[in-house]
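See below for the structure under consideration.
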Amino acid sequence: MRAIISLAWPLFLNTSVQALLNLTDTWFLGRISVDALAAIGSIFFLVLVFVLLFGGQGFLGPWLQDHDIQILFALPGIALATTFVTFPFVSRALIPLMQEQGTAEEEAALSLGASGLQTFFRVTLPNIKWGLLYGVLLCNARAMGEFGAVSVVSGHIRGETNTMPLLVEILYNEYQFVAAFAVASLLALLALITLIAKTILEGQLDEGRQTREH
């Protein structure tokens, strides 16, 4: 446990500093941006939360074991890691769009008596639907090809926690080159479909911007 933490801390600090230096618009109005929080949060999650909370000797480890709940080396860990790693793609797609649109329509709806939920579903969501779908599509693309984070938390349990990229690695290491090539080809096909969908969504976003300008 101590060895893992001693190795994790330098990685966490180094990557966090690099993220802070490379992120643009990190600070605005005295608050850290959502994009920066998402990027640093994914690093913090992978390095600290899994080790210090969900590990066998972690903060929640004994309680999870007593209740027969497994996070590490199981599907919940993969889902959580993928969510934190891919979340910045949604924020990067939505935040500029929502800043460009402003809050005039939402304020008008609220002034006319609409509730918060009505304003969201009838005003905000229709305005950001293509941007939201675009972000989700990018998340899907990243999740399909995610290797590092999933490799850390999955445990490489064949038939249970293996994703397609991990399966390609396992098959290749076992010299099953034909099977590895087949799985990789399927990933490439999914990537091609994702690229086509991305192009369509970009066209919808451009049409929406042109409509607002006119």
Candidate cut points under GluC sites (Glu not before Pro) in the range 156-208, DSSP loop plus at most 14 other Cβ atoms within 10 Å of their own Cβ, are 160, 174
Regression test value, accessible area per residue of the range 95-214, probe 1.4 Å, units Å², expected 64
On the accessible surface of the range 91-174, probed at 1.4 Å with all protein chains in place, carbon and sulfur together account for a percent value of 63
Order by accessible surface, 1.4 Å probe, largest leading, for residues 196, 78 comes to 196, 78
For residue 98 the rounded accessible area (nearest 10 Å², probe 1.4 Å, non-protein molecules ignored) is 90
One finds the C-alpha centres of the range 131-174 and the range 75-89 to be spaced, in Å, by 10
With every protein chain kept in place and a 1.4 Å probe, the residues 111, 154 fall, from largest accessible area down, as 111, 154
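The values are calculated or read from the model by the stated rules, or taken from the named source; none is laboratory data. Predicted, not measured: the structure shown is a model, and the values here were computed from it. When we count neighbours, we look across all protein chains shown, and the Cβ atoms used for this are built from the backbone with ideal geometry, even at glycine. With ligands, DNA and RNA removed, areas are computed over all heavy atoms of the protein, side chains included. Shrake-Rupley method; radii C 1.70, N 1.55, O 1.52, S 1.80 Å.
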